[in-house]
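The values are calculated or read from the model by the stated rules, or taken from the named source; none is laboratory data. No experiment lies behind these values; they were computed from the predicted model shown. Heads up, the Cβs are rebuilt from the backbone with ideal geometry, glycines too, and the neighbour counts pull from every protein chain shown. Areas reflect the complete protein model, heavy atoms only, side chains present, ligands, DNA and RNA absent. Shrake-Rupley method; radii C 1.70, N 1.55, O 1.52, S 1.80 Å.
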Amino acid sequence: MTELRIEQIEQADSDAVLKNWQYVHNTIIPTAVLSLDEVRERAGRNRLTVAYLDEVPIGCSTVRPPAGGASVATVIARILSAHRGRGFGGQLYERALADARALGAEVIETCVLESNPEGLRFALGRGFVETERYVLPGDSVPFIDLRLV
């Protein structure tokens, strides 16, 4: 069987790509919808990418680089539900993990919304363990922080 491959992973550094990142993020995390201005602000401090298949965005990633002398980075890979289970998440995650390592990360963390059981299974299947659950003010669905062991 031929493995399906992401056709393109693009750095989110233009409004068009930032809007695609925003679309994927807000679809997967409807409890923490971001405005385009908020996405622009995140792009200024994090590495944001968008994955495409047939020129259509199917996923996005966030790499929060190590900061303040720490060697901890956060790597988040998101794939729209219609495209899950075909290896795209693994491809996007591996690319984001390599980016985090290139930025000096020795410890990798991730974050998953509790209402995304596929995302949680994905993280646990790659060796992450849960470290914390919390609910943001005004929300009702917990986020789950995990660390790669």
Within a Gaussian network of the chain (alpha carbon springs, distance under 10 Å), most fluctuating of Leu120, Leu48, Leu136
Leu136
Accessible surface of His25 in the full protein assembly, 1.4 angstrom probe, to the nearest 10 Å²?
10 Å²
Top to bottom by accessible area (1.4 Å), largest first, where do Val75, Val129 land?
Val129, Val75
Multiply the residue gap between Ala98 and Val141 by 0.36 nm, knock off their C-alpha separation, and tell me the result in nm, one decimal place.
12.5 nm
Between the modelled labels at Asp37 and Ala70 (7 Å from Cα along Cα→Cβ) the distance in nm is 2.8 nm
Could you please state, rounded to a whole Å, how far the C-alpha centre of the range 1-56 is from the C-alpha centre of the range 72-145?
15 Å
Dipole axis of the range 1-98 (+1 Lys, Arg; -1 Asp, Glu on Cβ), positive-most option in Gly69, Ala51, Ala16:
Gly69
What nm value, rounded to one decimal, do you get for the distance between Ala16 and Arg133 when each label is placed 7 Å out toward the C-beta?
4.3 nm
Which ³J(HN,Hα) values in Hz, rounded to whole numbers, follow from the phi angles of the range 105-116 under the Karplus curve 6.51 cos²θ - 1.76 cosθ + 1.60, where θ = phi - 60° and Gly and Pro get x?
6, 10, 10, 10, 10, 8, 9, 9, 6, 4, 6, 10
With every protein chain left in place, what is the accessible area of Glu114 in Å² (1.4 Å probe, nearest 10)?
80 Å²
Based on Cβ point charges of +1 for Lys and Arg and -1 for Asp and Glu, what charge dipole magnitude is obtained for the chain about its Cα centre, in debye rounded to the nearest 20?
240 debye
Using bins 10 angstrom wide from zero, how does P(r) for the chain break down, in % of all Cα pairs?
12, 42, 39, 7, 0
